[in-house]
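The values are calculated or read from the model by the stated rules, or taken from the named source; none is laboratory data. Quick caveat: nothing in here was measured; it's all calculated off a predicted structure. Cβ placement follows ideal geometry from the backbone for every residue including glycine, while neighbour counts extend to all protein chains displayed.
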Amino acid sequence: MKKFDLIAFDIDGTLTRSKLALDEAMTDLLCRLLDKYKVAIISGASYEQFQWQILGPLKCSPDGLKNLFLLPVDGSVYCYDEDSWQCQYDAQLSPEEKDLIKKAFENLFKKSGIEDPEKIYGELIEDRGAQFNFSALGQDAPIELKEKWDPDNKKREQMIEVLKQELSGFSMRIGGTTSIEITKAGIDKAYGLNKLMKRTGIPKEKILYTGDKLFKEGNDEPVMALGIECRAVKNLEETKKVILELLA
């Protein structure tokens, strides 16, 4: 395998199942990876979600954790370990932009021609500062229901076509299993990884990105435009195989 200096990962569908914490095997593999490489984890998730989903289970050595960079909310938040975790925020949505997005989400099922879910688990929309996350079954829906709702992404593709008519000047991407992520135009994973390259000095030729949404309208798609080498996976078991290749 080509020599890389930094390995970057998506979270949901790549390192974990949707909104579940790292499993024991993945935790062990990531700690081993951090002993050999710098590692970045980028997602639309908030830093608070990173804390319980990634940092909680990740019991690596202090030296290993200094090789880890966290990029919540598509990299509009940049976090690094300097004896404790430090985070810097940018590209926040204005109150006016948030109101516009909320209005576009009203009656989205009906406008898209998609049947309303029988039950909503928690809030449909989560305000993440620089991003609004729409979760079609609710933010707290059981994983088994989420994975069955839109496995081929067709429902969310329909929803995005409707949203595009009402929200010019915004980026919108398919994320997770039931999510649509909306940010200011140009705030996506390419934005976050560009920021990471500038701060670390690591060029794109030395980065490998692994994600499960490397397709049109997927939230990993912008990474390909950077010219970073990408590895598409379907689930975390395939990600584990990629890590084992890197460790070999």
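If you go through the stretch 1-56 and keep only what is part of a strand (DSSP E or B), within 17 Å of PRO72 (Cβ to Cβ) and touching a Lys or Arg at 6+ places or on another chain (Cβ under 7 Å), you end up with ASP12, ILE42.
Of the candidates TRP85, TRP149, the single residue that is aromatic (Phe, Trp, Tyr), farther than 18 Å from ILE11 by Cα, surrounded by fewer than 21 Cβ atoms within 10 Å (Cβ to Cβ) and out of contact with any Cys (no Cβ under 7 Å at 6 or more places or on another chain) is TRP149.
Output the residue which, of all residues in the stretch 226-247 that are assigned to a loop (DSSP other than H, G, I, E, B) and out of contact with any helix residue (DSSP H, G or I) (no Cβ under 6 Å at 6 or more places or on another chain), is surrounded by the most Cβ atoms within 10 Å (Cβ to Cβ). My answer is ASN235. Would you check if SER112 is at pLDDT below 95 and farther than 17 Å from PHE9 by Cα? Considered against the rule, which asks whether it is at pLDDT below 95 and farther than 17 Å from PHE9 by Cα, SER112 comes out as no.
If the condition is being within 17 Å of LYS164 (Cβ to Cβ) and among the hydrophobic types (A, V, I, L, M, F, W, C), then the stretch 68-120 contributes LEU100, ILE101, ALA104, PHE105, LEU108, PHE109, ILE114. Among the β-branched types (Val, Ile, Thr), closer than 17 Å to THR177 by Cα and touching a Leu at 6+ places or on another chain (Cβ under 7 Å) - does that describe any residue in the stretch 116-130? Yes, that holds for at least one residue.
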